[in-house]
Amino acid sequence: MTNVFLAVRLKSPDPEAATALCTLQRVLPTCAPEELWRYDFWEFSMKSGNSGCVEEMIGHFTDIVNPNKHFRFILSKGQHPSGESQSLSWAGVLVRDHRDSRSDNWSVVLARRGFPVEKVRWGVLWRFGFAEGTQDPVGLAMKAALSETRELGLLANPVSQEALPWN
């Protein structure tokens, strides 16, 4: 089995990311980044030797990637999407639901269409851009993302979601 990772971002300004950034800056100023980007994040577990089918697969479904609206990035484990400002220190947090019908439904749809997919997992990849020289950007990103108290963390609920560093 081979895993292929796909990050999909809007070409236009993302209202969810803008709202989350403003909220983080207001509520958690010590953890807030200077920039915040949001990606739909797809993990395709392909049958061995079939990772090349992902390009064809996503070309068939504009629900995954619409070339008129989205930028797409095929990534390796831990790799980050291009286009991020080099003057910032970047950290990523991948948020996924523990139980996710979107992933289950896409697994079935793609397999029925004949693509060699064993499993699909969908989530949201948040990319935090902190000022250069920021100490522990990954720790700050996790602190800002994962809800632990009413005053800490805004992007992932540990009761129903997992939040993992993606660097």
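Observations
- Candidates GLY92, GLY78, GLY83: the one that is closer than 17 Å to ALA163 by Cβ, under 17 Å from the mean Cα position of the chain (by Cα) and exposed (fewer than 13 other Cβ atoms within 10 Å of the Cβ) is GLY78.
- Flag for SER48 being assigned to a loop (DSSP other than H, G, I, E, B) and either free of Cβ contacts under 8 Å to residues at least 40 places away in the same chain or more than 18 Å from the chain's Cα centre (by Cα) (or both): yes
- The one condition in (1) closer than 22 Å to GLY139 by Cβ; (2) in a loop (DSSP other than H, G, I, E, B) that SER82 fails to fulfil: (1)
- Test: residue in region 105-119 that is in a strand (DSSP E or B), closer than 25 Å to ALA18 by Cα and in contact (Cβ under 8 Å) with a residue 24 or more places away in the chain: no
- Each residue in region 1-14 was checked for being more than 12 Å from TYR39 (Cα to Cα) and outside any loop (DSSP other than H, G, I, E, B), and 3 of them qualify.
The numbers here are math on the coordinates, done by the rules we state, and not lab data. Remember, predicted model here, so these are calculated numbers, not experimental data. We place every Cβ from the backbone using ideal geometry, glycine too, and count neighbours over all the protein chains shown.
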